[in-house]
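> One structure is given below, represented as structure tokens, and several questions about it will come after.
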Amino acid sequence: MPTSANEPSAPRRGGVCRSLSAKLLVFTALFVFLGVVIIFLPTLSSFRLTWLKDRVAMAEVATLAVSAAPDNMVSERLRDELLTSAGVLVVVVRTRDARRLVLQSRRPPMAEARYDLRGLSGWRALLDAMETLFRGGQRAIVVIDRPPTIDAEFIELAMDEHPLYAALIARSFAILKYALVLALAAGVVLYVALHALFIRPVRRLGRAMARFGQAPEDAPPLPAPARRDEIGDLERAFAAMQGQVRELLHQKNRLAALGAAVSRIAHELRNMLTAAHMLSDRLTMVEDPLVQRFAPKLLQSVDRAITFCTATLKYGRLREPEPRRHLLPLRDVVAEVFATVPQQEGIAFINRVEGDLLVDADADQLFRALFNLAHNAAKALAASPPEGGEPRIEVRAQRREGGVEITIADNGPGLPQKVREHLFEPFVGASAASGGTGLGLAITREIVRAHHGDIALMQTARGTAFRLFIPDRLRAVPAEEKKAGSLT
């Protein structure tokens, strides 16, 4: 069945030989072969050394038989029998006094190689065994060793190498047969164990990733891993990633629903606010001093409501308008924020911003950012006032190199650690934890970022404090805009 263009296709495999199982099988076979070599060569070398020492022992027995004869002389028949039983052609004994020929065949051979078994190293014994196999048993060799029992410096014997070669070949097949059986069994056990421990979990995790990639919201979660090794860590990390991606998708769906809902009501709400604006505008014609005092603020609040509705619609579409920046007296903005925040009984609003401090920002956006922070602080203080002191919200500011740093702090209960971890995320921030929408801090961060600044939660002994940095536009805009030389 053909797949659609939008449907993710299954990952292509590069053939059987490129699969992880095939690679594991190849490596297992290589290790099995290496194990056979490691078992085969030293065992064969040890067998050759033992075979030669047996010949030395038998030659010593023949030497003792000759020594027991009158005048150390034996008949030719007995000499041949002794040489045949010992499997040698010449026997020479070296004593402290002299070197004595004990036995010699009728046709002594011309030796082509000498092997001294005294103090022979394992590496040398291994090379000698390989040489015997490669020569094919066509040589006559001389073997020198210390005799086991007789008092002599060494015993030297010459022999035909063919019986040694035949014995090595027979032993090689026997060793190879058992080594292959043992290595094959070990290889099968190793392959099955590695396949169960690594290949199957990796395949299971790969299938889970493919299902999750095709349908992140509908894919079943991985069962809780019981392993405590790296595979278990990988499965737990993937399960955690699934939860985070699902949560992000859920948040994006909520944002999409928010954008759709706001777009449906934006037209009607805008009409209502326009009507309210017209009525408020007529209030400015009333000559009452009290009306003249509050009518401009009412008009300004209605304008902000219209702007806020539009900005919320744009935020639902993941788009924040570019700030229209100009130099503002920050103290006046803070005073307006304090005057607009719903007054809670007993809360002191302290404005410590100097009157001549100017900030390069969009007036409406900066007002919204500070209003969100002050409003959250006022709600927190009203819900949980401090013990033994007056609840207060304080704003301080100072000019730093390149911009203005604003600090808004309260002496409330502070934020729990769980809220701090997702402080600026939509729908999960501080206001969401206290029953709000959870958009205030998210919008505040977007506004600060639109000004190329930053916002951070500061560590305090009690209460909550946010630090905002609004850089000057000349230091925040690209170089081609700096040439204009204007802050507007």
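The values are calculated or read from the model by the stated rules, or taken from the named source; none is laboratory data. Given the structure is predicted, the values throughout are model-derived calculations rather than measurements. As a convention, Cβ positions derive from the backbone with ideal geometry for all residues, glycine included, and neighbour counts pool all protein chains shown.
> May I ask you to verify whether PHE173 is in a helix (DSSP H, G or I) and without any contact (Cβ under 8 Å) to a residue 24 or more places away in the chain? Full working, then the answer.
Numbers: in a helix (DSSP H, G or I): yes; without any contact (Cβ under 8 Å) to a residue 24 or more places away in the chain: yes.
For PHE173, the condition - in a helix (DSSP H, G or I) and without any contact (Cβ under 8 Å) to a residue 24 or more places away in the chain - is met.
> Here is a further query. Please give the number of the condition LEU41 fails out of (1) over 17 Å from PHE154 (Cβ atoms); (2) under 60 Å from the mean Cα position of the chain (by Cα); (3) at pLDDT 85 or above.
(3)
> Here is a further query. Just checking, how many residues over region 369-405 are at pLDDT 90 or above, more than 23 Å from ARG462 (Cβ to Cβ) and among the charged types (D, E, K, R)?
So the answer is 1.
> Could you tell me whether any residue of region 326-336 is in contact with a helix residue (DSSP H, G or I) (Cβ under 8 Å, 6 or more places away or on another chain), surrounded by fewer than 14 Cβ atoms within 10 Å (Cβ to Cβ) and at pLDDT 85 or above?
Scanning region 326-336, I find no residue that is in contact with a helix residue (DSSP H, G or I) (Cβ under 8 Å, 6 or more places away or on another chain), surrounded by fewer than 14 Cβ atoms within 10 Å (Cβ to Cβ) and at pLDDT 85 or above, so the answer is no.
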